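The values are calculated or read from the model by the stated rules, or taken from the named source; none is laboratory data. Just so it is clear, the structure is predicted and the values come from calculations on it, not from any experiment. Using ideal geometry, Cβ is built from the backbone for each residue, glycine included, and neighbour counts are taken over all protein chains shown.
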Amino acid sequence: MLDLACGNGRHSIFLAHLGFEVLGVDSNVEALVLARENADHALRGSVQFLEMDLEGTIWPLSSADFGYWDGIVVTNYLYRPYLDALPSLLTQQGFLIYETFAQGNAAFGKPASPAFLLDPAELLLLAERTGLRVVAYEDLYTDQPKPAMVQRLCAQKPV
């Protein structure tokens, strides 16, 4: 599993506890230090954390360097220039699980910039453009863990 923009490793560690081998990547060195500290010794072989520039001119996660993933998890992160590259990193029948802030979130605080907010149905259009089969999709207001507008997508790469 790939946890893209993993921050302090919350999802990476959860997935490793479930038995998945996980690579968490982020550009924030301080967050990765916390991620490594949060991963207990029992998980050392199941979860790794790497610093990567996820918004540079060269996409650091090419399949040639890292292979393909059975699952990719992205939460609270949006960088559109590489968004369409994510499905190409999935194995056949691999899953993309994506959740981040959507238009309308400015009413509740940050992020408020349109650059960091999904347009209406943007994740659905990503699935359509890249041939993913939508398993579940939501575009809604949530009050947990704090008030926000979010989109959520779970989509599978077909055989």
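Worth pointing out:
- Residue in the range 14-33 that is surrounded by the most Cβ atoms within 10 Å (Cβ to Cβ), counting only those that are more than 27 Å from Gln156 (Cα to Cα) and under 18 Å from the mean Cα position of the chain (by Cα): Leu32
- Leu43 passes every criterion in (1) modelled with pLDDT of 95 or more; (2) in contact with a His (Cβ under 8 Å, 6 or more places away or on another chain) apart from (1).
- Test: residue in the range 56-65 that is modelled with pLDDT of 95 or more and under 15 Å from the mean Cα position of the chain (by Cα): no
- Residue ID - nearest to Arg10 (Cα to Cα), chosen from residues in the range 67-84 that are charged (D, E, K, R) and surrounded by 12 or more Cβ atoms within 10 Å (Cβ to Cβ): Asp70
- Condition check for Pro87: at pLDDT below 95 and either in contact with a Ser or Thr (Cβ under 8 Å, 6 or more places away or on another chain) or surrounded by fewer than 13 Cβ atoms within 10 Å (Cβ to Cβ) (or both): no
- Restricting attention to the range 80-119, the residues being out of contact with any Cys (no Cβ under 7 Å at 6 or more places or on another chain) and in contact (Cβ under 8 Å) with a residue 40 or more places away in the chain number 23.
- For the range 34-66, filtered to residues that are within 22 Å of Ala85 (Cα to Cα) and touching a Phe, Trp or Tyr at 6+ places or on another chain (Cβ under 7 Å), the residue that is surrounded by the fewest Cβ atoms within 10 Å (Cβ to Cβ) is Glu55.
- Test: residue in the range 119-139 that is surrounded by 17 or more Cβ atoms within 10 Å (Cβ to Cβ) and among the polar types (S, T, N, Q): yes
- All strands (runs of 3 or more DSSP E) inside the range 46-159 with 3 or more residues being among the β-branched types (Val, Ile, Thr): 69-75, 90-101, 133-142
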